[in-house]
1. Given a cut-off of under 8 Å on Cα pairs at least six residues apart, what relative contact order in percent is computed for the range 131-199?
2. Skipping prolines and chain starts, which residues have an amide H placed within reach, meaning under 5 Å, of the one on LEU29, given they are 5 or more residues away or on another chain?
3. Quote the charge dipole size of the chain about the Cα centre in Debye, to the nearest 20; the model charges only the Cβ of Lys and Arg (+1) and of Asp and Glu (-1).
4. Would you grab the residues whose amide H sits under 5 Å from the one on VAL67? Only those 5+ places off in sequence or on another chain, please, with H modelled 1.01 Å from N.
5. Residue by residue, what Karplus-based ³J(HN,Hα) values in Hz, rounded to whole numbers, does the range 49-65 have, using 6.51, -1.76 and 1.60 with θ = phi - 60° and x for Gly and Pro?
6. With +1 on the Cβ of every Lys and Arg and -1 on the Cβ of every Asp and Glu, and nothing else charged, how large is the dipole of the range 102-172 about its Cα centre, in debye rounded to the nearest 20?
7. Could you pull out every residue, at least 5 positions away or on a different chain, whose amide H is within less than 5 Å of the one on VAL93? Hs are placed 1.01 Å off N in the peptide plane, and Pro or chain starts have none.
8. Given the -39500 (n - 2.57) contribution per DSSP H run of 4+ residues, what per-residue ellipticity at 222 nm results for the chain, rounded to the nearest 500 deg cm²/dmol?
Amino acid sequence: MSESDSGLWLGIDTSTSVTAALARPGHVLASRAVTATNVHVEQLMPLVSEVMAASGHVLADLAGIVVGIGPGPFTGLRVGIVTAQTLAYVLDVPVRGVCSLDIVALTFAATHPSRGFTVISDARRKELYWATYEPSGKRLDGPNVTLPCDVPTGLIVGPAADLYELAGERVVVALDPGAIAVAPTRLADLGTEPLYLRRPDAQVSTSIKTVLTGRPS
């Protein structure tokens, strides 16, 4: 029996909101989420502490950690992934990465298994992250980042389904923290390289900037 088939797994995702959950295979023990998008650093570890306390467990009980690797904004993703890597190193347990859109897809497919669909989330800058899926929740294309007008038409689901006027049926589906914690038995490990899909806003200048103003007269 592999580690993903037994024991406690902590799930973390900061691609949209800040979420944490604890689960055994097929059974979520506790989950928490904070919807604010600008408090990742301040909220993540307190959230982890809350789910551990609510389940009656401590971090030393963990068999592993699974983290959403996006796509998502640079700062938010970095907080979640670095936290997961640090905890895994300190506790000497494995850490696995999963696509955050895949988590939403599996949650939706569990109750709507008859149609293919597109999962979207807010990429800011008036853009959307998206990926298309089979009715089973298997990803067909993406993840991508584009303008809303370039998102495929049809059934559209996800945290940002009501953000823009998009063609087709739209269903708002939040990322379920518990679904992340049970992901090791449902999704392959993608590693912990973040899916930024575009460059961060802050860029290192490649030009030489002079600070000399000339000789004093």
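1. Dividing the mean separation by the residue count of the range 131-199 yields 20 percent.
2. LEU22, ALA23, ARG24
3. 640
4. The answer is ILE12, ARG96, GLY97, VAL98.
5. Here the 3J(HN,Hα) series is 4, 5, 5, 5, 5, 5, 8, x, 10, 10, 4, 5, 7, 5, 8, x, 10 Hz.
6. So the dipole magnitude of the range 102-172 works out to roughly 80 debye.
7. Amide H to amide H, under 5 Å and 5 or more residues apart or across chains, VAL93 pairs with nothing.
8. Taking each H run of at least 4 residues, the total per residue is -7000 deg cm²/dmol.
Rule-based calculations on the coordinates, nothing more; no lab input. Since this is a predicted model, take the numbers as computed values, not measurements. Ideal geometry is used to build each Cβ from the backbone, glycine not excepted, and the neighbour counts take in all protein chains shown.
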